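Trainee: Take this structure first; my questions come after.
Read-outs throughout are calculated quantities, based only on the coordinates presented, and are distinct from any laboratory measurement. No experiment lies behind these values; they were computed from the predicted model shown. So basically every Cβ, Gly included, is an ideal-geometry build from the backbone, and we count neighbours across all protein chains shown.
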Amino acid sequence: MKELRIGVIGTGAIGKMHIRHIKNHLKGGKVTAVSDVNQEGAKAIAAEVGAEFIADGNELIASDKIDAVLVAAWDPAHKDYVLECLKHGKYVFCEKPLAIDSEGCRAIVEQEMAGGKRLVQVGFMRRYDTGYRQLKQAIQDNCIGRPLMVHCAHRNKSVGENYEDDYVITQCCIHEIDLLQWLLDDDYHQVQVLLPGRTSLIGEKYHDPQIALIETKKGIHIDIELFNNCQFGYDIRCEVVGETGSASLPDPSRLQMRKDLMQGTELCASWENRFIDAYLVEIQEWIDSVLNNKAGGPSSWDGYLASVTADTLIASRGKKVFHPVEMPQRPDFYS
Ligand code: NAI
Ligand code: ISE
């Protein structure tokens, strides 16, 4: 196969971003069809990149003109599209979360194992970020000694109107849940969500901010501030404190200015510009591995583990007590 013919389902913000990256910056793939329930938006991006518009996502998956599928529809649609791809034996890249709960992820894992071949990659793109990779290397090289604590912040300037408490975990914290297991090479023991004083700027719709606490099996303490309406910018932080030093996620290089008796550094407005390099590497590696007839990157098992932890965090919200994470054993299929 010379060029991977990719069908994209979901042409909202990130779907369009991936489509443009594949057309303008990446090698080996071509978006040949797109689908979205918002037909107007999908037709516009289809025309922009010379792809076919197919109204029904399942028809796109079944098409013999499509080699692999990228799912970037809203979260509740992920599970069924991924299961449909597995039914057709097609490689699929699915944006996070793999499904909105662990039961949905479990169904995907079981169907993938029954098919006998790994086909799914999940969009946990922070593993591809240079800064997080440097942090992982520093831990592996024992630069800061044995990790004891991790302090994280995941801040959005603001989020849309129709937001709910659970999204704080399933849409935002899910990144840290996956990333920190990978970073620390450790499993989670117990978790809880604390509800500190809430911002008055969004009414009573959901609790913002929230704080996720995690204790790993090796005894590392993790705290993650999840603040979706911080007002000042998109701000992602991670500091790992070890026995002999501490290492922090570097901010991406941004413009520094001195002006009006002040000095400052530009902040990112959203995930799109903060992690642009990670998205590019992630999708390029997905295309390369599928062209080599292999699935790489975060697997559906990783998506399932993240979802088990997310479900436990949600169940613990505001209860002021740690809840044990019942982690299933990783099957050899995913080792
Ligand atoms: P969005 O709201 O801009 O786009 C979602 C699109 O899905 C919309 O165009 C909507 O019409 C479409 N859609 C909804 N149901 C559908 C269905 N049944 N079939 C086909 N299309 C359907 O949202 P955004 O920000 O683009 O997010 C899309 C997905 O990507 C979400 O799952 C989100 O969690 C994930 N995401 C991942 C990010 C990352 O950093 N890895 C960043 C932003 C989003
Ligand atoms: C969004 O859906 C993403 O996945 C971004 O990476 C994340 O940082 C943001 O908080 C989410 O809303």
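Trainee: Scanning region 227-278 for residues that are more than 14 Å from ligand 2 (Cβ to nearest atom) and acidic (Asp, Glu), which turns out nearest to ARG126 (Cα to Cα)?
Mentor: ASP251
Trainee: Hey, does region 124-134 have a residue that's in a loop (DSSP other than H, G, I, E, B) and closer than 23 Å to ILE283 by Cβ?
Mentor: yes
Trainee: One residue is enough: does region 254-269 have a residue meeting the conditions part of a strand (DSSP E or B), closer than 28 Å to MET327 by Cβ and among the polar types (S, T, N, Q)?
Mentor: no
Trainee: Sticking with this structure for a sec: If only one of LYS79, LYS96, LYS87 is farther than 19 Å from PRO328 by Cα and out of contact with any helix residue (DSSP H, G or I) (no Cβ under 7 Å at 6 or more places or on another chain), which one is it?
Mentor: LYS87
Trainee: Another one. Would you pick out the residues in region 135-187 that are within 15 Å of ligand 1 (Cβ to nearest atom), touching an Asp or Glu at 6+ places or on another chain (Cβ under 9 Å), outside any helix (DSSP H, G or I) and not aromatic (Phe, Trp, Tyr)?
Mentor: Across region 135-187, the qualifying residues are HIS154, ARG155, ASN156, LYS157, VAL159.
Trainee: Sticking with this structure for a sec: Within region 226-267, count every residue that is surrounded by 11 or more Cβ atoms within 10 Å (Cβ to Cβ) and closer than 25 Å to GLN137 by Cβ.
Mentor: So the count comes out to 18.
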